[in-house]
Amino acid sequence: MTTLTVTQNFGKGAKDIAVYRKLGGYSTIGQKLFDLSQFEMIDLVQRSGLRGRGGAGFPTGMKWSFVPRGGKPVYLVVNADEGEPGTFKDHVLMQEDPHRLIEGMILCGWALGVRTAYIYVRGEFLPAIETLNAAIKQAYEAGFLGENIQGSGYSLDIYVHRGAGAYICGEETALINSLEGFKGQPRLKPPFPAVSGAWASPTCVNNVETLMALPWIFENGAEAYAAMGTPKSTGTKVFSVSGDVKRPGVYEVPLGTPLMELLESDKYCQGVVGKLKGVIPGGSSSPVLTVEEAAKATMDYEALAALKTMLGSGAVVVFNETRSVVGMLASLTRFYAHESCGQCTPCREGTGYADRILKTVVAGKGRDGDLENMLSLADNFSYTTICPLASADAGPIQNFIGKYRAEFDAVVARNPEHADERVTPAFRPGAFW
Ligand SMILES: Cc1cc2nc3c(=O)[nH]c(=O)nc-3n(C[C@H](O)[C@H](O)[C@H](O)COP(=O)(O)O)c2cc1C
Ligand code: SF4
């Protein structure tokens, strides 16, 4: 039976603190924790092998070890922006089990000496925001938040901060700018937030799911967590599965689980609807897998990297033979062009240009050379910008066109004049504006 480390309370009414405590919740907040030094706590998380579940997969304990102490106040900021297309696990986690997040924040707060923490939530997630606020109130009343938690001398305040629905505010430095009241635009790194983040103070930014794994690790031990998954991708991961499967949803499985088991098993998605054409394994920024690649993929950081894609936020988007990959790429490209914050020229101009080319292709006005133009643009705007948003658009462009080239060529060929006019689309008057 799969051990669940973050979703075990789903469907049990755990948003009420009384139920959560009956299920064993907040049992980690006591003498055993407060007897541990901050370094012992960081060491525990390092030994568990836990890696950030927000997308980059950076080792959590290592990130914590970068946070300087003894100087400026240290902030903890929970990244609950969840804007990556296909990702919908975090708001479900917060709605089903908000106290587990609070408990995880207390554990992290103790490890890093945090006095004030924020949960930055995507503005549209109103039910999750209400649930969190109600849970925080209960936690204060029960003495798990505020001054002198459980008589330990440790104090922690948590505030919920509503974002305004910009995808880029999920990027940690844009999120910090937005939290501070500035425009949500990424900052150049270094300095990294762990050293200089919110209000120029050390700031630990962690994803909701990352922090929610901590109570289980603390209770059951780092070794028990590291024993799950694969040697380098330890523990479990929560996947948001959508698209052409019989039972889309949020599923927690050990890392290293075969992708097809997640899609076919009766416990999870119960099978693909129609004939499989491809799978996006880790959110819209992760390169697509063909049917052959999907058949051999296992859901862990290393195996997906070997297939030149990534686990990302764990958003699995499944599509069958009835879907147009040209249409899918057009909608992704539109998304990235719309969400570009505009401060880097390659991203602002490049994503918009790619979007305009693809729109003309989809409208049946594609020309020979359009796809080469898209590929050349993607080459030029990846890894030349402040944050990875532009590369997140380039990856799908390169992969969708590379892996489904014949379908793209067929759509271009629908324009009877496609080969007649060999000029760059950008210079065709009236083509894009
Ligand atoms: C454009 C962009 C959007 C992102 N959106 C999110 C998000 O919605 N949630 C999240 O946890 N991380 C997101 N990230 C990753 C964060 O910058 C950061 O790495 C993460 O919150 C760190 O937490 P973790 O170590 O627990 O994963 C995004 C990154 C980029 C570049
Ligand atoms: S890459 Fe795009 S989204 Fe990121 S900072 Fe530059 S303009 Fe903004």
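The values are calculated or read from the model by the stated rules, or taken from the named source; none is laboratory data. For clarity, every value in this text was computed on a predicted model and none was experimentally measured. With ideal geometry, Cβ positions are generated from the backbone for all residues, glycine too; neighbour counts draw on all protein chains shown.
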Quiz prompt | Residue list for segment 315-337, filter: of a type in the set (A, V, I, L, M), out of contact with any Lys or Arg (no Cβ under 9 Å at 6 or more places or on another chain) and part of a helix (DSSP H, G or I) | solution = VAL326, MET328, LEU329, LEU332
Quiz item: Can you name every residue in segment 351-380 that is among the basic types (Lys, Arg) and under 30 Å from the mean Cα position of the chain (by Cα)?
Solution: ARG356, LYS359
Practice problem: Using the structure shown, decide if GLY278 is at pLDDT below 95 and not acidic (Asp, Glu). | Solution: no
Self-check item: First in segment 174-189 and touching a residue at least 12 places away in the same chain (Cβ under 8 Å) and away from ligand 2 (no atom under 13 Å from the Cβ), second anywhere and among the small types (Gly, Ala, Ser) and not in a loop (DSSP other than H, G, I, E, B), Cβ under 8 Å, 6 or more apart
Solution: ILE176/ALA198; LEU179/ALA198; GLU180/ALA198
Quiz prompt | Residue that is free of Cβ contacts under 8 Å to residues at least 40 places away in the same chain, closer than 30 Å to GLY235 by Cβ and acidic (Asp, Glu), where the choices are GLU372, GLU349, GLU293 | solution = GLU293
Exercise. Tell me, please, whether a residue that is surrounded by 22 or more Cβ atoms within 10 Å (Cβ to Cβ), of a type in the set (A, V, I, L, M, F, W, C), assigned to a loop (DSSP other than H, G, I, E, B) and at pLDDT 95 or above can be found in segment 60-79.
Key: yes
Quiz prompt | Count - residues of segment 164-184 that are more than 10 Å from ligand 1 (Cβ to nearest atom), assigned to a helix (DSSP H, G or I) and not hydrophobic (A, V, I, L, M, F, W, C) | solution = 2
Quiz item: Quick one: how many residues across segment 248-268 are in a loop (DSSP other than H, G, I, E, B) and closer than 19 Å to MET1 by Cβ?
Solution: 6
Self-check item: Top-ranked residue in segment 37-53 [being modelled with pLDDT of 95 or more and assigned to a loop (DSSP other than H, G, I, E, B); ranked as nearest to GLY151 (Cα to Cα)]
Solution: LEU50
Quiz item: Within segment 45-66, which residues are within 14 Å of GLY104 (Cβ to Cβ) and polar (S, T, N, Q)?
Solution: SER48, THR60
Self-check item: Sole residue being out of contact with any Cys (no Cβ under 9 Å at 6 or more places or on another chain), at pLDDT 95 or above and within 16 Å of ligand 2 (Cβ to nearest atom), chosen from GLY143, GLY165, GLY170
Solution: GLY170
Quiz item: Out of GLU417, GLU407, which single residue is in a helix (DSSP H, G or I) and farther than 17 Å from SER285 by Cβ?
Solution: GLU407
